[in-house]
Amino acid sequence: MEKIILIGYFIEMAELCEKCGCAVAGVVDYELKGPYQYLGSDEEFIRKCSDYIAFPLVITPDKPEVREKIYERYKGLGFSFKTLIAPEAIISKSAEISEGCMIQSLCNISSNVFLDKCVRVNTGANIMHDAKVGAFSVVAPDAVLLGHVSVGSKAYIGANSTLLPNIVIGDNATVGAGAVVTKPVADGFVVAGIPAHVLKKPD
């Protein structure tokens, strides 16, 4: 059984690891949490990381910008990142899934989909043919990305939202829960509603 280390304790991710046949060898967090071996805070773990460099990491925080910072820090130290795909997910043979991605139960990843590094696809999400999702982005539960949708890096696609075909979502953009996106969303914009409209522009 492959051993992995969680960066941040989140029980849902620990359970996904176990579903995927991995054993949690330890947790790095700012305080002791959960039933697993505690490896200290980031700073404490980094001081002894040579003892654990062979163990792939799983980055558990949900916020895309936080995951990016964690990835860059530990990648620079030589760590690798485990890709986790729940057994109940449906994955096309033609889909390309990069390192560190997390795909939870009942997701559908269709033909020619590309997920860049450390994308998180939450329970029941549906990503249809030829869609692309950029690094560190989150697709929340039951979101639907229809054909040829393109999502930038560090974007957040809210629960139960629908992105119509060929829509482009910019880097750092946010789509609110339940939104129906019918037009492109620029970098850093926040949209919500049916049809989706701009709630906030980047500073």
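Figures for the structure shown
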quantity: Hey, residue 198 surrounded by fewer than 21 Cβ atoms within 10 Å (Cβ to Cβ) and not in a loop (DSSP other than H, G, I, E, B) or not; calculated: yes
quantity: Identity of the residue in segment 25-80, more than 19 Å from residue 118 (Cα to Cα) and of a type in the set (S, T, N, Q), that ends up surrounded by the most Cβ atoms within 10 Å (Cβ to Cβ); calculated: 41
quantity: Selection within segment 106-118 - aliphatic (A, V, I, L, M), buried (at least 18 other Cβ atoms within 10 Å of the Cβ) and outside any strand (DSSP E or B); calculated: 113
quantity: Test set (1) among the polar types (S, T, N, Q); (2) on the phi < 0 side of the Ramachandran plot; (3) surrounded by fewer than 21 Cβ atoms within 10 Å (Cβ to Cβ) - residue 160 fails condition number; calculated: (2)
quantity: Pairs with Cβ under 8 Å, 6+ apart, first in segment 156-167 and touching a residue at least 60 places away in the same chain (Cβ under 8 Å), second assigned to a strand (DSSP E or B); calculated: 156/138; 156/174; 156/175
quantity: All positions within segment 92-105 that are assigned to a strand (DSSP E or B) and either small (Gly, Ala, Ser) or buried (at least 18 other Cβ atoms within 10 Å of the Cβ) (or both); calculated: 97, 102, 103
quantity: Subset of segment 168-189 [crowded, with 19+ Cβ neighbours inside 10 Å and part of a strand (DSSP E or B)]; calculated: 169, 174, 175, 181, 185
quantity: The one condition in (1) modelled with pLDDT under 95; (2) in contact with a helix residue (DSSP H, G or I) (Cβ under 7 Å, 6 or more places away or on another chain) that residue 7 fails to fulfil; calculated: (1)
quantity: Among (1) in contact with a Pro (Cβ under 9 Å, 6 or more places away or on another chain); (2) over 15 Å from residue 101 (Cα atoms); (3) at pLDDT 95 or above - the single one residue 55 does not satisfy; calculated: (1)
quantity: Residue in segment 128-136 that is acidic (Asp, Glu), farther than 23 Å from residue 69 by Cβ, in contact with a Gly (Cβ under 9 Å, 6 or more places away or on another chain) and crowded, with 19+ Cβ neighbours inside 10 Å present; calculated: no
quantity: Checking residue 63 against (1) over 18 Å from residue 141 (Cβ atoms); (2) assigned by TED's automatic domain parsing to the domain that holds residue 11, the condition it does not meet; calculated: (1)
quantity: Single unsatisfied condition, residue 121 versus (1) surrounded by 24 or more Cβ atoms within 10 Å (Cβ to Cβ); (2) in contact with a helix residue (DSSP H, G or I) (Cβ under 8 Å, 6 or more places away or on another chain); calculated: (2)
quantity: Unmet criterion (only one of (1) buried (at least 22 other Cβ atoms within 10 Å of the Cβ); (2) of a type outside the set (S, T, N, Q); (3) touching a His at 6+ places or on another chain (Cβ under 7 Å)) for residue 165; calculated: (1)
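The values are calculated or read from the model by the stated rules, or taken from the named source; none is laboratory data. This one's a predicted model, so the numbers in the text were calculated from it and none came from an experiment. Here the Cβ is made from the backbone with ideal geometry for all residues, glycine too, and neighbour counts use every protein chain on show.
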